[in-house]
1. Please go through segment 83-104 and give me each residue that is over 38 Å from the mean Cα position of the chain (by Cα), among the aliphatic types (A, V, I, L, M) and surrounded by 11 or more Cβ atoms within 10 Å (Cβ to Cβ), ordered by number.
2. From (1) touching a Lys or Arg at 6+ places or on another chain (Cβ under 8 Å); (2) over 22 Å from A289 (Cβ atoms); (3) in contact (Cβ under 8 Å) with a residue 40 or more places away in the chain, pick out the condition that doesn't hold for L388.
3. If we scan segment 130-139, do we find a residue that is in contact with a Cys (Cβ under 9 Å, 6 or more places away or on another chain), surrounded by fewer than 16 Cβ atoms within 10 Å (Cβ to Cβ) and under 23 Å from S46 (Cα atoms)?
4. Could you tell me whether any residue of segment 113-122 is under 36 Å from the mean Cα position of the chain (by Cα) and charged (D, E, K, R)?
5. Examine segment 64-83 for a residue that is under 21 Å from V18 (Cα atoms) and small (G, A, S), and state whether such a residue exists.
6. Those residues that are under 26 Å from G184 (Cα atoms) and under 32 Å from the mean Cα position of the chain (by Cα), I need them from segment 304-327; list them, please.
7. Cβ-Cβ below 6 Å, separation at least six or inter-chain, first residue in segment 91-112 and more than 13 Å from L81 (Cα to Cα), second of a type in the set (A, V, I, L, M, F, W, C) and not in a helix (DSSP H, G or I): which pairs?
Amino acid sequence: MNADHARNALVLPDRASVSDARILIADDDPLCRRIVDGVLRGQNFSNLRFAEGGISALEQVRSFRPDLLLLDMQMPDMSGLEVCRQVRADPEFADIPILIQTATVDRKKMGELFAGGASDFLSKPVNPPELIARVMAHLERWNSLRELREYRERISRELEEARRMQFELLPAPAALQQSADAVGLRIASYNRSSSELGGDLWGTLPIDESRFGIFLADFTGHGVNAALNTFRLHALIHEYKALHDDPAALLSMLNERLVPLLPSGQFATFMYVVVDHKAGELRFSSAGAPPAIVVQGIGGRARLCDASGLPLGIERDVQYRMQQRKFPKDSLLLLFSDGLSEFPDAHGERIGDAGLAGALNACHPGLEPDGVIDRLCAAAGIAGNIALPDDTTIVCLDRRIGARARSCRDCLFVQDQDRPQVPVACVKEEC
């Protein structure tokens, strides 16, 4: 690209010509209308309309849709101030420039004009230089305001489209439930961004008939940059399908690829778990993520899994450690981003990882995964109408589907290898 082309590429589209602006002039005096018409046409304004009174002005505002309204203060059927008030009451015309001509200038009257929505005033009789200067200034401002509004609307549409695309990266609820039902699991999730776009991402990866992977990533920051990073990571995860059964190897490869892609200061915490539902085992690796929480068996207690490891994208040649946990029938796995554990409640307190484990212990063992998530959000102080300071994701994987005690005696005492005769609540409705 040569220099001339480069300069042309940087030129923004020209603002709509001020001389093309639609101007409505309302004045009951024919001589004043002719004078204003002559002054404006002398400056190449040609898109002019005239009203002989206030009622006519209101009718033409709706049909002509002016870019600027010039009103006489004193008209027999309706004052310029009343016209101004009614125009401002319509949201479509709440921001257009309204200039009021008046022969009387005093502080009280000026206060009424501005309180009624006037943008500016002009003295009468008409002063051509003053008329041109103020009309030009307000039309320039109006064009700038309109361009800004159009820009914001375009950005809003693009952000909404990006948000929809990011949402489509997440597992489809129907397909996810179908897959979970096929292996005797229940799964539920919660995902909220702190702004239009977020930096959290989670998903599942099929491996074979007995195993699947589940991951949760949390990028630094919010908004567009964080969202772009989730798209990058999603593509990389699916590129390395051969590593989906090896958590440590997958994290090492993702880290190597992200280091050159992410700007300095940007990184992601990442937890990847391979669930072997036939062997009743979890294999996982963490890159600085909040600890997964595992409940082993219907009478088990919530336990935090070690989540050490350097976040992805900080430095090369990081070796991640793979860990194992038992995941027998009637167990539960909880993954979450730090937006949950670090959310400050109404008193500024944070529940923390240990607090979440305690809240999970307080959940009835027969509670559906959606209900578990609701209880954890409530315990952390998160409600639907509360703004989140950080993106928050929760995934609850439950193997307790169909779990029922055989009798009231079994409901009261469930054997646990570490804590014999642990009392638990009955999960049978008839009990």
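The values are calculated or read from the model by the stated rules, or taken from the named source; none is laboratory data. Keep in mind it's a predicted model, so treat the numbers as computed, not measured. Ideal geometry is used to build each Cβ from the backbone, glycine not excepted, and the neighbour counts take in all protein chains shown.
1. Within segment 83-104, the first condition is being over 38 Å from the mean Cα position of the chain (by Cα), and the residues that meet it are 83, 99-104.
Still in the running and among the aliphatic types (A, V, I, L, M): 83, 99-100, 103.
V83, L99, I100 - these are the residues of segment 83-104 that are over 38 Å from the mean Cα position of the chain (by Cα), among the aliphatic types (A, V, I, L, M) and surrounded by 11 or more Cβ atoms within 10 Å (Cβ to Cβ).
2. (2) is the only condition that L388 fails.
3. Of all residues in segment 130-139, those in contact with a Cys (Cβ under 9 Å, 6 or more places away or on another chain) come to none.
Checked segment 130-139: no residue is in contact with a Cys (Cβ under 9 Å, 6 or more places away or on another chain), surrounded by fewer than 16 Cβ atoms within 10 Å (Cβ to Cβ) and under 23 Å from S46 (Cα atoms).
4. No, segment 113-122 contains no residue that is under 36 Å from the mean Cα position of the chain (by Cα) and charged (D, E, K, R).
5. The first filter runs over segment 64-83 and keeps only residues under 21 Å from V18 (Cα atoms), leaving 64-71.
Filter again for small (G, A, S), leaving none.
Among the residues of segment 64-83, not one is under 21 Å from V18 (Cα atoms) and small (G, A, S), which makes the answer no.
6. As a first pass, look at segment 304-327 and keep what is under 26 Å from G184 (Cα atoms): 304-305, 322-327.
Listed by number, the residues that qualify are L304, C305.
7. Final answer for the pair search is P97/L68.
Listed here are the residues, each with its yes/no results for (1) free of Cβ contacts under 8 Å to residues at least 40 places away in the same chain; (2) surrounded by fewer than 16 Cβ atoms within 10 Å (Cβ to Cβ).
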{"site": "L24", "(1), (2)": "no, no"}
{"site": "G38", "(1), (2)": "yes, yes"}
{"site": "N44", "(1), (2)": "yes, yes"}
{"site": "L48", "(1), (2)": "yes, no"}
{"site": "L58", "(1), (2)": "yes, no"}
{"site": "S63", "(1), (2)": "yes, yes"}
{"site": "P66", "(1), (2)": "no, no"}
